[in-house]
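Right, one structure below, let's go through it.
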Amino acid sequence: MTSQDYVIRPITPDEIGAWWELRLRSLRDHPDAFGADYDEAKRRGPDYLRPATVDGHVDRLFAAFAPDGALVAQARTAGDEGKRAHIAMIVSVYTAPEHRGRGLSKALIAAAIDHCRAFPQLRQVGIAVNANNPAAIAVYTGAGFVPWGREPRALATDNGFHDEIHMVLMLDSWPGFRGWSVRVKLEGVKQSRACNRQRARRRSMSLSTSVPTPEQFQNATWDDILPLYQELVDRPLEPGDTVAIEAWLEDWNALDTALAEAASVANVEASCDSENPEKEATHLRFASEIMPRQGQLGVALANKLLDTGYTRPDLE
């Protein structure tokens, strides 16, 4: 099955119970991926979301329904007020693990963006993602989202602190999912090596001698950065070679993380010292030259990952 075998649509009021059950499952099973707390959400219940089950609101609940009618994936759009009424957020994106690898997250994101485009006051859509989830970042990059900052220690869970990447999409220039097609991915890749051997081989297969840092990119141009991404595009990946794919994902994530943080620092420094032409020029170089081109290469990298057929529980 692919996403074309599922129904992607806004839910009706009588479907909020099923939507909420999946939401609780996501918070319980994947606390690192969401800002909401499972116990708090369970106490609160879904009543506050009922206005988002009818048309005419920016706030809307979306779902993917399997051929048997089961609600198996979800997303939500959320509007704002006042001076932020031109911004919407896409939140609560989740696919039940047994239905992953079918492009449902991508289809839900596209439906949510199309919904937001129907409201003239909305000019942009934001989304946030755990910095250690490169596959989700790839989906959002493929949709046209551009990272604008990294929030250190955005979430605190039993597993420690987690950074978040904040991304934005400008609705007036959204071309749709660039170059993406739906692919059937039904089979996962089984881990066949011990974890310590995997880590050792991942390190040996990485072409980077050190983890990139934001400081490396402070004065960089796109010509300086392009070879780092091109190496990821050109690096051979064989379907089923879990260790090589994981090494590649780690390198991609490290590069994206360092570049996004460098762009965020440049933005903050320009905002705090608006009279400094050098800081303004650095910010503009990231905003107009580097980050848009990074987003374009992100599509190529996302397709490369899809072509391997690789999946794991946290990759959608």
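Bear in mind these aren't lab numbers, they're just calculated from the coordinates by the rules spelled out. Just so it is clear, the model here is predicted, and its values are computed rather than measured. Neighbour counts are summed over all protein chains in view; Cβ atoms, including those assigned to glycine, are modelled from backbone coordinates with ideal geometry.
How much length would be gained if the chain were fully extended between Gln296 and Asp14, taking 0.36 nm per residue of separation minus their Cα-Cα distance, in nm to one decimal? All intermediate terms of the calculation are to be shown ahead of the outcome.
Working: separation 282, 0.36 × 282 = 101.52 nm, distance 4.03 nm.
Taking Gln296 through Asp14 to full extension adds about 97.5 nm, to one decimal.
Just to confirm my numbers, what's the Cα centroid distance between region 268-288 and region 107-161 in Å?
That distance is 24 Å.
Could you tell me the relative contact order of region 103-172? Use alpha-carbon pairs under 8 Å, at least six residues apart, and round to a whole percent.
Values: 95 pairs, mean separation 26.4, N = 70.
Computed over region 103-172, the figure is 38 percent.
Would you mind putting 245-257, 294-306 in packing order, based on average other-beta-carbon counts within 10 Å, highest first? Write out the running numbers ahead of the final one.
Numbers: 245-257: 21.3, 294-306: 19.7.
Answer by packing, highest mean first, reads 245-257, 294-306.
Under the rule a/c < 1.5 gives rounded, and otherwise a/b versus b/c splits prolate from oblate, where does region 55-130 land using the Cα gyration tensor?
Details: a/c = 2.69, a/b = 2.00, b/c = 1.35.
Prolate.
Can you tell me how region 1-77 classifies by the Cα gyration tensor, rounded, prolate or oblate, using a/c under 1.5 as the rounded cut?
On the way: a/c = 1.92, a/b = 1.23, b/c = 1.56.
Oblate is the answer for region 1-77, as a/c is 1.5 or above yet b/c matches or exceeds a/b.
Which loop-located trypsin sites (Lys or Arg not before Pro) does region 21-97 contain, where loop means any DSSP state but H, G, I, E or B and the Cβ has at most 16 other Cβ atoms within 10 Å? Intermediate values should be presented prior to the final figure.
On the way: sites: Arg23, Arg25, Arg28, Lys42, Arg43, Arg44, Arg60, Arg76, Lys83, Arg84; in loops: none.
Listed in order of number, the matching sites amount to none.
What does the charge count near Leu49 come to, summing +1 for each Lys or Arg and -1 for each Asp or Glu among other residues with Cβ under 11 Å from its Cβ?
Numbers: positive: Arg23, Arg44, Arg50, Arg60, Arg76; negative: Asp47, Asp59.
The answer is +3.
Once you have a ≥ b ≥ c as the square roots of the Cα gyration tensor eigenvalues for region 229-316, tell me rounded if a/c is under 1.5, and otherwise prolate or oblate according to whether a/b is larger than b/c. List each step's numbers first, then the result.
Details: a/c = 3.49, a/b = 2.76, b/c = 1.26.
Prolate.
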